[in-house]
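Everything on this sheet refers to the single structure shown next.
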Amino acid sequence: MNISSRRNFLKSLGGATALASFPTILNAATKGSRVIVIGGGFAGATAAKYLKHWSPDLNVTLIEPNAQYHSPILSNLVINGQKSLNDITFNYNALKNKYGVNIVTEWVQGIDGAGKTVELSSNVKLEYDRLIIAPGISFLPVPGLDFNKVPHAWQSGDQLLLLKKQLDAMPAGGTFVMTIPPAPYRCPPGPYERAALVADYLKTNKPGSKVIILDANPKIIVEEETFSHEFNVTYAGIVEYYKNIKLEAVDSDKRIAITNAGDFKADVLNVIPVHSAGKIITTSDLANHPSGRWANVSPLSYESTKTPFIHVIGDSQGTGQPKAGHIANAEAKVCADAVIRLLAGDQPYAAPMTNSACYSPLSTNTASWLTGVFGYDASTDSMKVVPGSGGASNGVSKENYKDMFTWANSLFADTFA
Ligand SMILES: Cc1cc2nc3c(=O)[nH]c(=O)nc-3n(C[C@H](O)[C@H](O)[C@H](O)COP(=O)(O)OP(=O)(O)OC[C@H]3O[C@@H](n4cnc5c(N)ncnc54)[C@H](O)[C@@H]3O)c2cc1C
């Protein structure tokens, strides 16, 4: 993607096309229908907002246990002190007051697909006509791993602050070890971004320290040239990158990563375990992807291929599109559009497109980026990369770093404001 098309892309996010309202006829046909959305992250909050924006007479309820959402996007900038947690924290006031979404601050503990109800942690049951589930990710267990001692910091909030606290307390000349799970995981460039930012922080604040990356993948899975350059040139002598390393167990008290290639002792250990869909997907028997870890859905509507009237969007869905917040926001709009059409007795739009963007800050003033555009392919009933679309930055730059905030603020506003 060239610079001018990238600028147009940044501006278009949340632009006029997306905000156009549905014709009155669809709004009337869906009046009073009940849609429940579980999870108020980039996927769920966007879906709830756009359902009400496009079809104001729908009865939309967003169920999310936390009154505030801490964004994982830009969260690595909290670790190196460039942003505070507050800077990347959002609430649901606009969804409630501006769009009329009902907000229920509780966990969903169960779903009855046949009876079309969800059960809250207070045991109250709510009925739906269509249900959208967007619970993000959960982690597969690792023997010995205690997140209170060895943070993942891959969901924002307390885990992020714990990792920052441990890094701040690390002695100069110390060792930071991080593990990267096999793909697919949330934000493909994210772990490499974190390694570079931590290296930058240690270079300035804890001279003589090391960053050891233990990657379960056979190579750096995205932006290989850019990240290799950062590890081998910009942070030469600080970063050591090892591929094909499988984490087998963790000694959380001694901060040791036990792997197929031996033990790695750390002063600060950051373990990002293998990902799976949010727990409510597996406990509700919706994880019918062959891996058993994701929910298979129709890419036209995000309706589960297992249980009708239930839609799954964001990191939990199994279409093969990247697990990332920008595309979760795009999937949410495709899903909201399809839900409104289905409630009105119509069919989902037959040619949906989604797009993805990840910006990676790699020092206090440089960043890289990666984008992709996906279109529906009827012959395979799947989302495929549109030939010639997307791309990656040519290395890092200060301009990318500035663009990153334009992009992120636009995404945050399109989701929560
Ligand atoms: C360091 C880092 C950098 C990143 N950078 C980028 C980037 O540059 N670009 C990008 O596009 N993406 C990026 N991402 C990825 C992005 O943050 C995730 O892909 C995105 O948050 C997924 O959105 P989601 O709505 O599916 O899940 P989440 O944001 O995790 O939201 C899920 C919500 O569901 C709620 N929930 C879960 N279970 C239940 C339940 N049973 N009942 C009620 N509520 C429930 C949770 O409380 C949570 O609020 C980054 C991630 C990290 C860690």
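The values are calculated or read from the model by the stated rules, or taken from the named source; none is laboratory data. Bear in mind the structure is a predicted one, so any value in this text is a computation, not a measurement. We place every Cβ from the backbone using ideal geometry, glycine too, and count neighbours over all the protein chains shown. When the accessible area is computed, the model is the full protein with side chains, heavy atoms only, and any ligands, DNA or RNA have been set aside. Shrake-Rupley method; radii C 1.70, N 1.55, O 1.52, S 1.80 Å.
Picking from residues in segment 141-160 that are within 12 Å of the ligand (Cβ to nearest atom) and not in a loop (DSSP other than H, G, I, E, B), the one that is least open to solvent (accessible area, probe 1.4 Å) is Leu160. Within 23 Å of Asn288 (Cα to Cα) and within 13 Å of the ligand (Cβ to nearest atom), is that true of Lys306? The answer is no for Lys306. Check whether at least one residue in segment 184-194 is within 13 Å of the ligand (Cβ to nearest atom), open to solvent by 50 Å² or more (accessible area, probe 1.4 Å) and either of a type in the set (A, V, I, L, M, F, W, C) or touching a Lys or Arg at 6+ places or on another chain (Cβ under 8 Å) (or both), and report yes or no. Scanning segment 184-194 turns up at least one residue that is within 13 Å of the ligand (Cβ to nearest atom), open to solvent by 50 Å² or more (accessible area, probe 1.4 Å) and either of a type in the set (A, V, I, L, M, F, W, C) or touching a Lys or Arg at 6+ places or on another chain (Cβ under 8 Å) (or both).
Looking at segment 242-260, which of the residues that are without any contact (Cβ under 8 Å) to a residue 40 or more places away in the chain and either small (Gly, Ala, Ser) or in a strand (DSSP E or B) (or both) is surrounded by the most Cβ atoms within 10 Å (Cβ to Cβ)? Only one residue fits best here, namely Ile256.
Of all residues assigned to segment 364-382, at least one qualifies as being surrounded by fewer than 19 Cβ atoms within 10 Å (Cβ to Cβ), over 26 Å from Ser298 (Cα atoms) and out of contact with any Pro (no Cβ under 9 Å at 6 or more places or on another chain). The single condition among (1) within 15 Å of the ligand (Cβ to nearest atom); (2) more than 30 Å from Lys203 (Cα to Cα); (3) out of contact with any strand residue (DSSP E or B) (no Cβ under 6 Å at 6 or more places or on another chain); (4) open to solvent by 50 Å² or more (accessible area, probe 1.4 Å) that Lys83 does not meet is (2). Annotation note: of Ile73, Ile103, Ile36, the sole residue that is open to solvent by less than 50 Å² (accessible area, probe 1.4 Å), in a strand (DSSP E or B) and under 25 Å from Ser138 (Cα atoms) is Ile36.
Let's see how each residue does on (1) closer than 21 Å to Gly292 by Cβ; (2) modelled with pLDDT of 95 or more; (3) crowded, with 18+ Cβ neighbours inside 10 Å:
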{"residue": "Ile111", "(1), (2), (3)": "yes, yes, yes"}
{"residue": "Lys125", "(1), (2), (3)": "no, yes, no"}
{"residue": "Asp168", "(1), (2), (3)": "no, yes, no"}
{"residue": "Pro207", "(1), (2), (3)": "no, yes, no"}
{"residue": "Ile212", "(1), (2), (3)": "no, yes, yes"}
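Among the residues in segment 43-65, are any within 15 Å of Asn409 (Cα to Cα), within 15 Å of the ligand (Cβ to nearest atom) and either open to solvent by less than 30 Å² (accessible area, probe 1.4 Å) or at pLDDT 95 or above (or both)? The answer is yes; a qualifying residue exists. For segment 223-234, the criterion of being in contact with a Pro (Cβ under 6 Å, 6 or more places away or on another chain), buried (at least 21 other Cβ atoms within 10 Å of the Cβ) and at pLDDT 95 or above is met by at least one residue. Counting only strands (runs of 3 or more DSSP E) that fall entirely inside segment 335-417 and contain at least 3 residues that are in contact (Cβ under 8 Å) with a residue 12 or more places away in the chain, of a type outside the set (Phe, Trp, Tyr) and under 30 Å from Leu26 (Cα atoms), the qualifying elements are 353-361. Pro135 satisfies every condition listed in (1) within 16 Å of the chain's Cα centre (by Cα); (2) in a helix (DSSP H, G or I); (3) within 23 Å of Pro189 (Cα to Cα) except (2).
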